[in-house]
Amino acid sequence: MTLTNERRIPKKPVSAEDHSLIGHEAIWKVMLRKFMKNKLAVIGAVLLIMIVGAAIFAPMLAPKDPSQQVLLDKLAPPGKDYPLGADNLGRDTLSRLLYGARISLLVGFASVAGSIFIGTVIGAIAGYFGGILDAVLMRIVDAIISFPSLFLLITLVTIFEPSIFTLIAIFAVFGWTGTARLVRGEFLSLRKSEFVLAARTLGISNTRIIFSHILPNALGPIIVSATLGVGGVILAEAGLSYLGLGIQPPTPSWGNMLQSAQNPQIMLGAWWYPLFPGFMILITVLAFNFVGDGLRDAFDPKIDD
Amino acid sequence: MTTYIIRRCLMAIPLLFLISVISFGIMKMAPGDPTALMMDPMIKQENLEAYKESYGLNDSIVVQYGRWLGNMVQGNFGESFIRQGVPVSELITARLPNTLLLMLVSTFIAFIISIPLGVWSATKRNSLQDYAITVVSFLGVATPNFWIGLVLIMVLSVHLGWFPIGGVATYGEPFSIWDRLHHLVLPAFVLATADMAGLTRYSRSSMLDVLRQDYIRTAKANGFRQKTVIFKHGLRNALIPIITIFGLMLPSFIGGSVIIESVFAWPGIGLLFMEAAFQRDYPVIMAVVVIAATLVVIGNLLADILYAVFDPRIEY
């Protein structure tokens with residue numbers, strides 16, 4: 001059985017085993033070349049590496065303790081002691097931005113990992129089995145999408161008290177709908193294809209067909225939507241934290257740093273302060289979007305380099 | 001056509017049903033029950049039970065859901081926990097006009113800016129303008145719009161004093177349209193920025209699709225002027241897909257109103273929702289969530305029907 005199986009594998013267009021047997025490196029090389037040709041994508045990737053690096057090494061890079069308050073230095077302008085100034089409680093803005101990057105990226109990556117997992121499983125089941133199961137699951141997706149997400153997020157935060165973990169859980173549990181639709185589409189188009197039929201005839205279990213035969217074909221779009229998804233979650237987290245319903249002070253997050261910006265003292269006397277957190281959000285989300293677009297083109301076999 | 005409209009309306013019913021089930025489920029996850037918030041904590045157990053019985057909190061969950069749904073369909077959203085005795089529907093109807101005004105004006109702004117930009121970008125494909133517009137749209141997608149709001153308030157209101165800092169009207173002044181407009185401009189513009197980038201991209205690609213069609217070439221070959229071809233033959237057809245896009249953008253638009261109304265202290269549904277969220281006033285929270293989701297479903301329904309009306313190529 002195993003023998004026949006292995007012998008047939010190379011006939012399938014693309015699957016996990018396929019990659020490991022033939023042309024694995026070649027495919028990646030082609031993709032990498034296409035990606036590197038996209039200037040914006042490369043800029044995005046470099047920015048991302050820098051931001052992730054800054055987040056990881058925040059304790060070493062930060063000049064001060066991010067929650068240390070020096071009230072005498074409150075609203076200090078950018079200068080020698082405070083490279084990017086100090087906030088209304090006399091905390092160093094640069095240090096808070098660096099530590100805030102950790103929170104934003106952690107929430108972004110962890111939530112998207114969760115929502116991609118849920119969305120892939122549900123989308124795969126709906127697309128592979130079809131019928132009533134598919135109809136029910138897709139109506140649930142439609143219903144969740146109909147809720148303006150901010151309303152839903154805020155409602156859940158009021159119930160489960162905001163913390164990093166509840167935020168991640170909420171983003172994961174309600175953020176999977178897009179991935180589910182995408183994966184379902186891929187499965188619908190592939191489930192009647194010849195290699196799946198062949199696998200069925202060989203008596204391979206549904207689980208195995210779903211995960212090791214069809215899923216690898218859908219990996220490209222999944223990775224692209226994950227990349228764009230991280231940017232989306234970072235924006236949503238910033239919004240919630242700005243409203244005071246996300247990451248709670250004194251833990252710094254780019255969103256809650258902007259919450260304290262809406263204060264006449266800062267608006268009149270420290271106009272530079274609100275610029276930095278907003279700029280960080282902008283750059284990070286932009287970088288994720290550039291990389292996502294670059295990956296989309298790199299994965300698309302119709303676009304040649 | 002009529003059968004399509006009827007079928008499309010019927011399809012919305014299971015969706016609304018699911019929305020109500022999800023909302024009810026979320027409400028039931030909330031810790032404690034209304035009695036815990038409304039009653040004196042020293043209340044005797046038997047009195048508490050009597051209250052629970054009278055509020056129907058001891059009935060089975062299905063019965064509770066049925067009653068809640070029945071009331072809601074009739075426009076009865078219960079009473080606010082915090083402002084006791086005030087019906088939720090009253091709180092909402094008091095704030096709704098402000099939100100609708102804000103959304104209408106900002107939709108108008110988003111369309112009046114994005115569509116011409118998209119068309120311009122499409123007709124001058126790969127030119128400097130096209131690239132500039134693309135870059136700006138990329139930036140627009142990545143910028144949190146509450147931050148744009150903050151920066152605009154800081155620069156235009158606080159430092160330059162051109163616009164009021166927030167609210168719908170100057171306190172204590174008699175009603176004047178000029179004053180209202182003055183307060184409306186900034187929040188409406190900032191809310192519009194949320195979808196302007198996407199709308200510009202869509203109108204650009206929609207216009208490009210249309211410009212590639214045979215009939216456009218025919219029109220050009222017949223010697224119509226460039227302007228006539230673009231605006232009379234092209235634009236009309238390019239606008240059709242944008243109807244659907246508007247339907248898809250509706251959730252983010254309504255959601256965005258929460259944050260923009262908070263930034264500008266605009267007393268609409270979004271601000272009501274935020275106040276309720278901070279006070280854990282669940283009847284108000286749930287009413288707003290259900291109304292918002294229903295608005296989205298209705299908006300999508302209208303978009304689909306309009307699409308069918310405007311695009312004669314689609315047969316049903």
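The values are calculated or read from the model by the stated rules, or taken from the named source; none is laboratory data. Keep in mind the model is a prediction, meaning the values are calculated, not measured. Here the Cβ positions follow ideal geometry from the backbone for every residue, glycine too, while neighbour counts run over all protein chains shown.
Below are the figures for this structure:
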| item | result |
| --- | --- |
| Flag if residue B:305 is over 13 Å from the mean Cα position of the chain (by Cα), aliphatic (A, V, I, L, M) and facing chain A (nearest Cβ under 9 Å) | no |
| 1 or more residues buried (at least 21 other Cβ atoms within 10 Å of the Cβ) and in contact with a Gly (Cβ under 8 Å, 6 or more places away or on another chain): qualifying helices (runs of 4 or more DSSP H) within segment A:33-131 | A:39-56, A:93-129 |
| Odd one out for residue A:161 among (1) out of contact with any strand residue (DSSP E or B) (no Cβ under 7 Å at 6 or more places or on another chain); (2) touching a residue at least 12 places away in the same chain (Cβ under 8 Å) | (2) |
| Filter result for the condition that a residue is in contact (Cβ under 8 Å) with a residue 24 or more places away in the chain, out of contact with any Asp or Glu (no Cβ under 7 Å at 6 or more places or on another chain) and more than 11 Å from chain A (Cβ to nearest Cβ), over B:223, B:268, B:256, B:234 | B:234 |
| Residue B:293 being part of a helix (DSSP H, G or I), out of contact with any strand residue (DSSP E or B) (no Cβ under 6 Å at 6 or more places or on another chain) and at the interface with another protein chain (Cβ under 9 Å from one of its Cβ atoms) | yes |
| Verdict on residue B:241 being within 14 Å of chain A (Cβ to nearest Cβ) and within 19 Å of residue B:114 (Cβ to Cβ) | no |
| Residues of segment B:149-191 classified as under 17 Å from residue B:102 (Cβ atoms) and assigned to a loop (DSSP other than H, G, I, E, B), total | 7 |
| Top-ranked residue in segment A:176-202 [being modelled with pLDDT of 90 or more and assigned to a loop (DSSP other than H, G, I, E, B); ranked as surrounded by the fewest Cβ atoms within 10 Å (Cβ to Cβ)] | A:202 |
| Filtered residue count, segment A:279-295, keeping only those that are at the interface with chain B (Cβ under 10 Å from one of its Cβ atoms) and crowded, with 23+ Cβ neighbours inside 10 Å | 6 |
| Single unsatisfied condition, residue B:194 versus (1) in a helix (DSSP H, G or I); (2) modelled with pLDDT under 85; (3) surrounded by fewer than 20 Cβ atoms within 10 Å (Cβ to Cβ); (4) in contact with a helix residue (DSSP H, G or I) (Cβ under 7 Å, 6 or more places away or on another chain) | (3) |
| Meets criteria (part of a helix (DSSP H, G or I) and closer than 13 Å to residue A:152 by Cα) for residue B:277 | yes |
| Top-ranked residue in segment B:271-284 [being under 16 Å from residue B:96 (Cβ atoms) and at the interface with another protein chain (Cβ under 8 Å from one of its Cβ atoms); ranked as surrounded by the most Cβ atoms within 10 Å (Cβ to Cβ)] | B:273 |
| Test for residue B:167: is it free of Cβ contacts under 8 Å to residues at least 12 places away in the same chain, of a type in the set (Gly, Ala, Ser) and out of contact with any Ser or Thr (no Cβ under 9 Å at 6 or more places or on another chain) | no |
| Leading residue by the ranking (nearest to residue B:283 (Cα to Cα)) among those in segment A:150-167 that are more than 10 Å from chain B (Cβ to nearest Cβ) and surrounded by fewer than 23 Cβ atoms within 10 Å (Cβ to Cβ) | A:162 |
| Residue in segment B:251-269 that is surrounded by fewer than 19 Cβ atoms within 10 Å (Cβ to Cβ), under 30 Å from residue A:261 (Cα atoms) and modelled with pLDDT under 85 present | yes |
